[in-house]
Amino acid sequence: MDIDGESYCQRNGYGEKLQKINSMKATELIIQFFQHKEISKLLSLTRENMPTHWGFFSQRLQLLSTSSSTLQNSSVLRETLQQLLLDGFGRSCKSGRHVEFCAVIAPGCMASPGGHCHGATRSSLWIPIDLYLEDCIDGSVAATNAIEILSGLVKTLKAVNGTTWHDTFLGLWMASLRLVQREREPHEGPVPRLDPRLCILLSITTLAIADIIKEEEAEIVDEVEHSNQWKSKAAGGKCRQDLVSCLQILGDYESLLAPPPLVISAANQAAAKAMMFLSGLPIGSGYLECPNINDNAINFSGNLWHLIIESCISRKLVDTSAYFWPGYVSGKMKPMPHSLPGQVPGWSTLMKGAPLTPSLVNSLARSPASSLAELEKIFEVAINGSDDDKVSAAFIICSASLIRGWGIQEHTVRFVVKLLSPPVPVDYSGTDSHLICHGLMMNVVLTGISSVDCVQVFSFHGLVPELAGALMAICEVFGACVPNITWTTSGEEITAHSVFSNAFILLLRLWKFNHPPLEYCIMGDGAPVGSQLTPEYLLLLRNASILSSCNSTKKRDGNSLLSTTYSSLPQPIFVDSFPKLKVWYRQHQACLASTLSGLVHGTPVHQNVDGLLNMMFRKINKGNNQSVGPGTSGSSLSNSSGPGSEDYYVKPMLPAWDIMEAVPFVVDAALSACSHGKLFPRELATGLKDLADFLPASLATIVSYFSAEVTRGVWKPAFMNGTDWPSPAANLSTVEEHIKKIVAATGVDVPSLVAGGISQATLPLPLAAFVSLTITYKLDKASERFLNLAGPALENLAASCPWPSMPIVAALWTQKVKRWSDFLVFSASRTIFHHNNDAIVQLLRSCFTATLGLSGDHMSSNGSVGRLLGHGFGSHFCGGLSPVAPGILYLRVYRCIKDIVLLTEDILSIMMQSVKEIADTVVSKEKIEKLKKTKHGLRYGQVSLATAMTRVKVAAKLGATFVWLSGGSGLIQGLFQEMLPSWFLSAHELDKEGNSGGLVYILGGHALAYFTLLSGMFAWGIDTTSPSKRRPRVVEAHMEFLASALDGKISLGCDLALWRAYVSGFLGLVVECAASWVMEVNLGVVKRLSRGLRKWNQDDLALALLRKRGVEAMGAAAEVILACQW
């Protein structure tokens, strides 16, 4: 009231008192609101879905608790409010019912305080990582980025396992170390060896962790900016801190850190670097390049830990303070002079501006660059130096820096691709392609990256699409050149044919060129992973990713030379951009799909075919009135005699593309002549070798022709009797014994190799011709890049033929190359599973048994990653070949399984059978009656149930990983939309004998929940923005099925307890681990699911589901809060 213009309250001094009373009452009300169950839940709902508004509100409360003079006089109110702020206003509060619910389905709840899980080893938590990393080493080229896949996999497993980043990173490092230790001395052959494993440990794993840390710190920066707090608080996130603590502990695992013999020197050098740093010596001064540095140290004791730390330091994940960690440096440096007379030329010499002398080039090629600055320096020489320096610099980049420059490998691979696609000079005015000027340098790069290990490195870093695009351009240009365009280097003449062949063969190794083009179209989602790789698909990936990769490179590298080289964005390219390549590709597809036709007499192609045949069989034609030549059908004998003059047989001077167009008809004519007895097998092999020597790229067309013809079944068999064709008799029995030993751990029977005796060994004629051709090659460095194409193609070709074709091939090749015997015998052992689906099922069963420790009537505690993947393969264990672990066999076999959908059904069936064995074993018959007296049997014998639940989770992880690796996201889409609904609609008797008291259905439901969720998370991730457009559609379709069943619109055939366990488990896991999925589901479907859960008295889960749906579901969530009794 105002009296005489003055406030009555002010005049009587009541205003200040009322203000203090109001502040205290308001604070008391706020505290009461947060302490009231219903109101606190409503406020919590606001906090989750309106974070910006809640941030301002919490800031004002923080200001009130610290600055209010009224609250300073009331310590109780102040302390209560500050405690609420500290606790996040009850953020972690859960009702007792929800805690009980989480005790069964929530991740990590069965872990003991020490971090160990009942009934499982710590390594079992990370089985998907072990399997994925081992699968990467299969040798198959992937067009995906292993860094992105691995980082997504790590985030998924952290969410599912409920672990900290410390434990998650430790699990990742240990899985990567196990990968290296599994094959410390891999067997020889056209397969990845040790370097790709080290690449995964020291480059891919580090980069995956770096991506996770950058993502977390970017989120922190966003939160800080939105909350108007100091940005300095975002300097270091929890991920980075946990990585540091994880790396410190990693040094205690000495057995895993023991370096393989090939990297002991690198490990010692990394340890020496730390020792020099602590001794005050400048690391970049060239001391590490001194040849006798090991003589100046008492004990370096370098191991893989030191290499890991150096890899992390190079990516700025940790700093040089790591050198001070306890135990990191052992021993002391002896005093070293400031000038070392024994110092050899090295990277420090290059950085000082020294020219590229032969000794310096050899030194730089042997030792990898240690920094991005050094790599940029040599790359600048490769771009702007003299012609000779360009060649030398390209040779250096493609040597040790590419394979073992782990700290900068992500930059090296991009530099290599850039070398293969140089831009058009601004002042270039020639009529020919500018690429021809770089022919010699490109040939050095192509030969330098042709090894299996190098191709795997490009695959891991996700650069296969970009590499393919560069190679297509090279093939298009150099394939149109006549071979008289030459370059000379080190006394060797390099022709346009050489450049074309090296590029073409490398290009074809990037996709399954010798598989039928319609294979994956016919099979759809049932096609194996990787079978979809075609030139069109690779170019689509290249075009889709080139912009994002360039932008991310600029952001990551700032003003570095690498980012400046990407200043001009590459343009999209398509198969139509390469007309000559497109013509060959269409002919190649036609050759695979049907028999040859269309060769017309008198055409240039016919003349080229005739000229090539005369070149191949000139000695035969000179002494015979019949010459091998093309007939009207394209593959017959020509009765015209060839001229007798030697000049006629001069090698044709044709562009490579013209030769490639004629090769299928040439090979068809030669094989037909051999089939009709007009050409001896030895003459056929010699002629094909002459053709392959003339144009090595023709080997690819020979492979595709034989691959197609062997499937037609029109050729008579070749008897490998040692007279007409080579005989495998000398080694075949030994191969059979070794195969039996390799598969011994799986329980699979090995069929007899030759039923009628060794003398009756036969091969299909195209396969016999191809194996005869391959064994004519010398196993030297010059032939290695061609055998890297022919070797896997020969294995695939033999595997598609009837048993025992591959063992016969292995026996033949073992006679020629003893050191490849391990690889060949292992390849032969894999074909057992190609021809027998029952053997695949038995192999899968062995994988589950080994992982879970299931054995007969009892369950052991020995199940682990070690039993699943073993210790690799090779004759260096136990003095000879040892049984190969079932997991390794499966990872090397599944790509050749034709029907992956059927395989997935087998995996699901075996997983459920394993769950039954777990339930039968853990729950003894004496406990059944007691279990029946409790609700769902879940409260009796908590330790035993915890053990069972942990093993069930491991089984689900194993099954989900197998499905994901085998079929990819397309197969998992079918799992969600077709296979699982059909499974629930059918009846399944999992407990016919009643041994588990019904527990098997509950465990089975939770197993299916984990299996389904993990499969989806592996395929589509848990990030808010999914790279896959499938996830929203597929997840919503599955949620719709669940909602319809809960509404009673669908009649289920499965057990009700299993169904309830699955729905509760799956939705609970989605809420806990993949909340972003809920946001992609229609609100009406989410409401229906919530109503169904409430009918089962699962109010907490019903509310949690609505809370995760966002602002749109706040009203429905509030109704649930107010309607339930909390």
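The values are calculated or read from the model by the stated rules, or taken from the named source; none is laboratory data. Being a predicted model, the structure only gives us computed values, none of them experimental. Positions of Cβ are generated from backbone atoms using ideal geometry, with glycine treated the same way; all protein chains shown enter the neighbour counts. What goes into the accessible areas is simple: the full protein's heavy atoms, side chains included, and nothing from ligands, DNA or RNA. Shrake-Rupley method; radii C 1.70, N 1.55, O 1.52, S 1.80 Å.
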Check: With (1) over 17 Å from E188 (Cβ atoms); (2) open to solvent by less than 30 Å² (accessible area, probe 1.4 Å); (3) polar (S, T, N, Q) as the list, and T814 as the residue in question, which single condition is left unmet?
Finding: (1)
Check: What number goes with the only condition from (1) more than 29 Å from the chain's Cα centre (by Cα); (2) surrounded by 23 or more Cβ atoms within 10 Å (Cβ to Cβ); (3) farther than 21 Å from V499 by Cα; (4) among the small types (G, A, S) that S392 does not pass?
Finding: (3)
Check: Only one of these conditions is not met by T163: (1) touching a Gly at 6+ places or on another chain (Cβ under 7 Å); (2) in a helix (DSSP H, G or I); (3) of a type in the set (S, T, N, Q). Which number is it?
Finding: (2)
Check: S1028 versus (1) among the small types (G, A, S); (2) farther than 28 Å from V915 by Cα; (3) modelled with pLDDT of 90 or more; (4) outside any helix (DSSP H, G or I): which is the lone unmet condition?
Finding: (3)
Next item on the list: Would you mind finding the one in R184, R178 that is over 30 Å from A468 (Cα atoms), assigned to a loop (DSSP other than H, G, I, E, B) and either among the aromatic types (F, W, Y) or touching a residue at least 40 places away in the same chain (Cβ under 8 Å) (or both)?
Entry: R184
Margin query: So R1109 passes all but one of these: (1) charged (D, E, K, R); (2) buried (at least 17 other Cβ atoms within 10 Å of the Cβ); (3) not in a loop (DSSP other than H, G, I, E, B). Which condition number does it fail?
Written below: (3)
Margin query: Looking at the stretch 986-996, can you tell me whether even one residue there is assigned to a helix (DSSP H, G or I) and either open to solvent by 30 Å² or more (accessible area, probe 1.4 Å) or at pLDDT below 95 (or both)?
Written below: no
Next item on the list: Could you check V445 against (1) surrounded by 23 or more Cβ atoms within 10 Å (Cβ to Cβ); (2) in contact (Cβ under 8 Å) with a residue 60 or more places away in the chain and say which number it fails?
Entry: (2)
Next item on the list: Scan the stretch 111-127 and give yes if some residue there is part of a loop (DSSP other than H, G, I, E, B), at pLDDT 55 or above and under 29 Å from the mean Cα position of the chain (by Cα), otherwise no.
Entry: yes
Margin query: Residues to consider are D690, D668; find the one that is of a type in the set (D, E) and under 22 Å from C801 (Cβ atoms).
Written below: D668
Margin query: I'd like the full set of residues that are of a type outside the set (A, V, I, L, M), under 26 Å from the mean Cα position of the chain (by Cα) and surrounded by 15 or more Cβ atoms within 10 Å (Cβ to Cβ), limited to the stretch 252-269.
Written below: Y253, P259, P260
Next item on the list: Could you please tell me which pairs satisfy a Cβ distance under 7 Å, a separation of 6+ or placement on different chains, a first residue in the stretch 19-32 that is farther than 17 Å from T80 by Cα, and a second residue that is in a helix (DSSP H, G or I)?
Entry: K20/T70
Item checked: Counted residues, the stretch 1074-1084 - those being open to solvent by less than 10 Å² (accessible area, probe 1.4 Å) and either among the β-branched types (V, I, T) or part of a helix (DSSP H, G or I) (or both) -> 3
Note to self: Can you tell me which residue is farthest from L767 (Cα to Cα) among those in the stretch 663-697 that are within 38 Å of the chain's Cα centre (by Cα) and open to solvent by less than 20 Å² (accessible area, probe 1.4 Å)?
What the structure shows: L695
Next item on the list: Give me a count of the residues in the stretch 753-764 that are surrounded by fewer than 23 Cβ atoms within 10 Å (Cβ to Cβ) and at pLDDT 80 or above.
Entry: 1
Checklist line | Selection from the stretch 234-251 of residues that are open to solvent by less than 50 Å² (accessible area, probe 1.4 Å) and in contact with a helix residue (DSSP H, G or I) (Cβ under 7 Å, 6 or more places away or on another chain) | finding: A234, G237, C239, D242, L243, S245, C246, L247, L250, G251
Notebook entry, point to check: Does A670 meet the test of being in a helix (DSSP H, G or I), in contact with a Phe, Trp or Tyr (Cβ under 8 Å, 6 or more places away or on another chain) and among the small types (G, A, S)?
Noted result: yes
Notebook entry, point to check: Would the stretch 214-230 turn up any residue that is open to solvent by less than 10 Å² (accessible area, probe 1.4 Å) and at pLDDT 90 or above?
Noted result: no
Next item on the list: Please give the number of the condition G286 fails out of (1) open to solvent by less than 20 Å² (accessible area, probe 1.4 Å); (2) on the phi < 0 side of the Ramachandran plot; (3) at pLDDT below 80.
Entry: (2)
Next item on the list: Of the conditions (1) part of a helix (DSSP H, G or I); (2) open to solvent by 20 Å² or more (accessible area, probe 1.4 Å); (3) touching a His at 6+ places or on another chain (Cβ under 9 Å), G1016 clears all except one; give me its number.
Entry: (2)
Item checked: Out of A1102, A1061, A1057, A1118, sole residue that is farther than 22 Å from T1012 by Cβ and assigned to a helix (DSSP H, G or I) -> A1118
Item checked: Checking I137 against (1) at pLDDT 85 or above; (2) surrounded by fewer than 21 Cβ atoms within 10 Å (Cβ to Cβ); (3) under 30 Å from A790 (Cβ atoms), the condition it does not meet -> (2)
Notebook entry, point to check: What pairs can you find where one residue is in the stretch 721-749 and at positive phi, the other is among the hydroxyl-bearing types (S, T, Y), and their Cβ atoms are less than 7 Å apart, with a gap of 6+ or different chains?
Noted result: G747/S846
Next item on the list: Kindly provide the set of residues from the stretch 402-442 that are of a type in the set (D, E, K, R), open to solvent by 50 Å² or more (accessible area, probe 1.4 Å) and not in a loop (DSSP other than H, G, I, E, B), ordered by number.
Entry: R404
